[in-house]
Amino acid sequence: MKIFTFDTTLRDGTQGESISFSVDDKLVIAQKLDELGIDYVEGGWPGSNPKDKEFFARAAELNLRHARLTAFGSTRFAKNPVEEDRNVRALVEAGTPVVSIFGKTWDLHVRRALGITEEENLQLISETVKYLKDHGKEVVYDAEHFFDGYLANPDYAMQTLDAAHRAGADVLVLCDTNGGTVTGRLVEIVGEVRRRFDGVIGIHTHNDSDVAVANTVAAVEAGATHVQGCMNGYGERCGNANLASVIANLELKLGHTAIGAENLANLTAVCRFIAELANLPLRNDQPFVGKSAFAHKGGVHVSAVLKEAATYEHVPPEKVGNRQRVLVSDLSGRGNIMYKLKQHGLAGRLDEDARRELLERIKQMEYEGYELEAAEGTFELLVREALHPGLQFFDVDSYEVATRAGGTAPSHTTATVTLRAQDGVHSATATGHGPFHALHQCLRKCLSKLYPQISDVRLTDYKVRVLDSHQGTAAKVRVLIEWSDHRRSWSTVGVSDNVIEASWKALVDAIRLELMRLTESDGSVERAVEDYCWGV
């Protein structure tokens, strides 16, 4: 069965905390949603703010091949004749083929929020829908607070739907606006509406009870054929139903057609694209599209997945454009390591003892507080060192740092590093903007003549996490540093009860890794690491 998809990321999604899209962002996202196969893209409320007004003015720039652009608004104000209502006129002037309007369903809202009678509210609904239909619009009617309104006064809630239906509304959308309706009760109410009304019934749920996706899917099973939501579950308070999860469940679990199997493989890419424009990290544990959705860490799980992916994967990750990942950590078994090595033809280059040693080293490092899942650079270094145990570029003899500060003068940091390389002992002293910067300068000075290529390595991010906070200022810390050489990025990790030492370890590992890459180019290792760190 065809289930129509209605995306409100650009309207309801932007009501979520920390989410703000520019007009250009919204135009690009609308295009992406169209390419994904979404049926309706709700662009915003043209009568409410300049940004949405500009969006609809520029919507002609869009080359939408499938999606129907939708403008959002409300029923007319009680004091205004419909033809004179500024917001209703703005909906018509937005020039979209579809208009979505919401009206009051809960008699509490009619009396308290609008301050009018129930009969007057029915007139607002019917007159607004009819006006929009008379202007050639497809009308999606959102029955706001429908489930709360139905539980309070079922007869009146049904009357509001009837008012919209008789006026010509093309879709009647049942909204769980407060997100508080549990699934069993929602199914009963949707079923009753389905029995009373023909045509397209829609569902719009919020996630305040953490059941928005379940409620949406259950509503479809009860007769709804139009689903609304936001990509990545964005939206006010706890968010809207995650439309990506809804689509995947409808397509892969219930056999319906939402966007089509050929488009489903683009789902992960679109979710990540939208997250990037929202400047928010995509949740690792987001079902279907998160980087952890098909990640395996426990040795028993990995051993089974190597034999048959379905043992621990409910759907093939490729169906939604994701991919399987095997994590390497203290929970790893030999299967995890072998998975990575076999996958890229490296298994034969390490004997059983070397593989066992690599695994034990990883487990010991994780026990000490290292986190290799996020530090793919450190993992790559371990693999390369296991493959080439005699490859050593330098040894650190000593390093020291001193910081002076007094009065209102800025602090002054000096570091000294001594190391041994192939051509002898090197020592350097440098000043910097803090201890870590000074140490970095020293290490570069010591190695620059022998290995000038390391000048390309640049720090791009630096994070510190306290591992055992009950120790107070004596706590062990983990330092995660992201690096770039203008061709790729990678992260290294250091752990110590001294933040400078932890930083130094991560710094030295980053330089050693880059030297290994430069002097021992091995495409198979690079492919293995790229696979391991995909999506990190």
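The values are calculated or read from the model by the stated rules, or taken from the named source; none is laboratory data. This structure is a prediction, so every number in the text was calculated from the model and none was measured. Note: ideal-geometry Cβ built from the backbone for every residue, glycine included; neighbour counts use all protein chains shown. Side chains included, ligands, DNA and RNA excluded: accessible areas come from the protein's heavy atoms. Shrake-Rupley method; radii C 1.70, N 1.55, O 1.52, S 1.80 Å.
Looking at the range 403-519, the accessible area is 52 square angstrom per residue; that uses a 1.4 Å probe and ignores ligands, DNA and RNA.
For the chain, which span is the longest to avoid every loop-located (per DSSP) member of trypsin sites (Lys or Arg not before Pro) having at most 14 other Cβ atoms inside 10 Å? Formally, the longest exposed-site-free interval is 254-448.
With an 8 Å cut-off on Cα pairs and a minimum separation of 6 or more residues, tell me the relative contact order of the range 204-318 in percent. Worked out over the range 204-318, it gives 17 percent.
Here the simple spin-label model places points 7 Å from the Cα toward Cβ, and for Lys2 and Asp285 these points are separated by 3.8 nm. Of the Cα atoms belonging to the chain, the radius of gyration and Dmax stand at 29.4, 93 Å. Only helical runs count toward this figure. For the chain, summing -39,500 (n - 2.57) over DSSP H runs of n ≥ 4 and dividing by all residues gives -12000 deg cm²/dmol at 222 nm.
A simple spin-label model places the labels of Glu93 and Thr311 6.5 nm from each other, with each point 7 Å out along Cα-to-Cβ. Annotation: aspartates and glutamates with alpha-carbon distance below 14 angstrom to Lys449 (same-chain offsets under eight excluded): Asp423.
Extension gain for Lys253 to Glu188 (0.36 nm times residue separation, less C-alpha to C-alpha distance): 21.2 nm. For the range 77-174, the solvent-accessible area with a 1.4 angstrom probe is 42 square angstrom per residue. Solvent-accessible area per residue in the range 198-279 equals 32 Å², computed with a 1.4 angstrom probe and all protein chains kept. Pairs spanning more than 21 Å between alpha-carbon atoms, out of Lys291/Lys319; Lys53/Lys104; Lys2/Lys253; Lys104/Lys130; Lys297/Lys476: Lys53/Lys104; Lys297/Lys476. Once the Cα-Cα distance is subtracted from the 0.36 nm per residue extended length, the Leu391 to Lys363 segment shows a gain of 7.8 nm. Distant-in-sequence amide contacts of Leu467, defined by a placed amide H-H separation under 5 Å and a gap of 5 or more residues or a different chain, comprise Lys476, Val477, Arg478.
Please give the residues of the range 204-242, grouped as numeric ranges, whose backbone N is less than 14 Å from a label point set 7 Å along the Cα-to-Cβ vector of Asn178. Within reach of a label on Asn178: 206-209. Contact order for the chain, expressed relative to its length and based on alpha carbon pairs under 8 Å spaced 6+ residues apart, stands at 9 percent.
Between the range 114-175 and the range 349-369, the alpha-carbon centres lie 65 Å apart.
The alpha carbons of the range 35-129 occupy a box of 44, 25, 20 Å along the principal axes, longest dimension given first.
Scattering from the range 181-293 was approximated by placing one identical point on each alpha carbon and applying the Debye formula without solvent; log10 I(q)/I(0) at 0.20 1/Å stands at -1.08.
If you roll a 1.4 angstrom probe over the protein chains with everything in place, what fraction of the accessible area of the chain belongs to carbon and sulfur, to the nearest %? Here carbon and sulfur together make up 48 percent of the probe-accessible area. Between Thr473 and Asp497, the simple label model (points 7 Å from Cα in the Cβ direction) yields a spacing of 1.4 nm.
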